[in-house]
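Presented below is the structure to which this report refers.
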Amino acid sequence: MPNYYFYHVLTKLKSLGPGLLYAGAAIGVSHLVQSTKAGAQYGYILIIAIVLAHVFKYPFFALGPRYAKATGESLVSGYGKMGKWAVVLLLVLTVCTVFTVQSAVTIVTAGLLQNMGVNLSIPILSFLVLLVCLAILQIGKFSILDNLMKVIMVVLSVSTVVAFALSFGVGREVVNGSKAIFDISKDSDLGFLLAFVGWMPAPLDIAIWHSIWTLAKGKTEGGGEFDFKVGFYGTALLGICFLVLGANTMYGNGAPLQASAGGFASQLIESFTSCLGTWSYWFITVAAFTTMFSTTLTCFDAMPRVMNHIGIELRFTKHLKSITLWRVVLFTGTIIVLFYFVETMKQMVTFATIMSFLTAPLLAVLSYLLVVKTKGVLLWNSIEKGIAIVGIVLLSVLCFLYIRTFL
């Protein structure tokens, strides 16, 4: 009997597909950067924000694979059934975030690469990373990374959980007066909270990506809910682990967090090696870089697909319904942003996460309306629908606070 259950679990894990793509896209900036910084700056308190963000975003993230499985269509097609206005709104929201999201994940990947000893500037490294992503997707070898994603996620997950456990025994010097207390009435703390929640565990756009990946991977026949839950709850656990790791190794030591991509990458790796030992330096460095590269690649794969689906719904001309064209557009736009409009990683990450946060209420409303208007299919139960309504209200209130405070 134990062998049967082991075989059953192993079969389930082997069947994972879009759920790990979801995890690969989510476990990136929000975890390696934002969660670690949250712990380093404020200690444990923002674990509450991680839990609440997962609770109130859950119905919207679950909708992606569920809708694809139930209807055989992506969420973009579902929005199209509500009217052209919904797809136009999605187009506007996507254009507002597409280049900033790609720029943020790429600059962190470049920072980790620089930390590995590649002596090139961050913009040049970003260019090379995106060029490799473009080549992989155009050659059609994304399936290689899809298969490697299982290994990548296992390596990062195990090393993070082990470092999390060992971090409670790390001896470090605490500088008096250097432990900041989170205060939502402070503009700086409110701004950090909104940026943190904006990408925890990921932008709401990822539900659309997930629906498209589900169709592309042929997951409409069974396994979708398990696949999603592994990715979703895995990102929640790792988010908490990264925050605690940052709190246990950096909170109160008086050292300022680096704003540059390379500088923060060095601090991140140091937080792991202080727990696991210096032997783990290259192990963690490669795992972190591979994770961020997978995030960069999955984003680079997903967003052109979304634009292509939008083009189909809005009946763009044939030339504007090419995934290759949208990949080139995304590549070019991201390079322009990174070369001419970004001074530090911190600036790029903050801007990208805030943009995603400000567009979240509108995406949430679109999803809610889609659930209400889709007849004959139970996409949310009554509890999930109630959570979604509260989530929309909370996201809207926080957006209002940001606009009133900072704009």
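The values are calculated or read from the model by the stated rules, or taken from the named source; none is laboratory data. Computed from a prediction, not measured in an experiment: that's the story for all the values here. Positions of Cβ are backbone-derived with ideal geometry, glycine not excepted, and every protein chain shown enters the neighbour counts.
Ser211 - would you say it is assigned to a helix (DSSP H, G or I), in contact with a Leu (Cβ under 7 Å, 6 or more places away or on another chain) and modelled with pLDDT of 80 or more?
Values: assigned to a helix (DSSP H, G or I): yes; in contact with a Leu (Cβ under 7 Å, 6 or more places away or on another chain): yes; modelled with pLDDT of 80 or more: yes.
Yes.
Restricted to the range 257-289, and to residues there that are among the polar types (S, T, N, Q) and in a helix (DSSP H, G or I), the residue that is surrounded by the fewest Cβ atoms within 10 Å (Cβ to Cβ) is Thr278.
Among the residues making up the range 336-365, a single one is more than 20 Å from the chain's Cα centre (by Cα) and within 23 Å of Pro59 (Cα to Cα): Val365. For the range 41-53, the count of residues that are more than 23 Å from Leu395 (Cα to Cα), assigned to a helix (DSSP H, G or I), at pLDDT 90 or above and of a type outside the set (Ser, Thr, Tyr) is nonzero. Exactly one residue out of Gly333, Gly311 is assigned to a helix (DSSP H, G or I), in contact with a Lys or Arg (Cβ under 8 Å, 6 or more places away or on another chain) and more than 18 Å from Thr36 (Cβ to Cβ): that is Gly311.
Condition check ((1) of a type in the set (A, V, I, L, M, F, W, C); (2) without any contact (Cβ under 8 Å) to a residue 60 or more places away in the chain; (3) surrounded by fewer than 17 Cβ atoms within 10 Å (Cβ to Cβ)) across all residues:
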residue	(1), (2), (3)
Thr324	no, no, yes
Phe331	yes, no, no
Thr334	no, no, no
Glu343	no, yes, yes
Thr353	no, no, no
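Among the criteria (1) under 30 Å from Val118 (Cα atoms); (2) touching a Lys or Arg at 6+ places or on another chain (Cβ under 9 Å); (3) not in a helix (DSSP H, G or I), the one Gly254 does not fulfil is (2).
Every residue, every condition in (1) more than 28 Å from Lys373 (Cβ to Cβ); (2) crowded, with 19+ Cβ neighbours inside 10 Å, yes or no:
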{"site": "Lys37", "(1), (2)": "yes, yes"}
{"site": "Tyr42", "(1), (2)": "yes, yes"}
{"site": "Ile45", "(1), (2)": "yes, no"}
{"site": "Val51", "(1), (2)": "yes, no"}
{"site": "Lys69", "(1), (2)": "no, yes"}
{"site": "Lys81", "(1), (2)": "no, no"}
{"site": "Thr100", "(1), (2)": "yes, yes"}
{"site": "Ala104", "(1), (2)": "yes, yes"}
{"site": "Met116", "(1), (2)": "yes, no"}
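Could you say which residue among Leu379, Leu369 is modelled with pLDDT of 85 or more, over 20 Å from the mean Cα position of the chain (by Cα) and under 15 Å from Leu93 (Cβ atoms)?
Details: Leu379 fails: under 15 Å from Leu93 (Cβ atoms).
After ruling out the rest, the residue left standing is Leu369.
Restricting the range 169-193 to residues that are touching a helix residue (DSSP H, G or I) at 6+ places or on another chain (Cβ under 8 Å) and not in a helix (DSSP H, G or I) leaves a set whose member that is modelled with the lowest pLDDT is Arg172.
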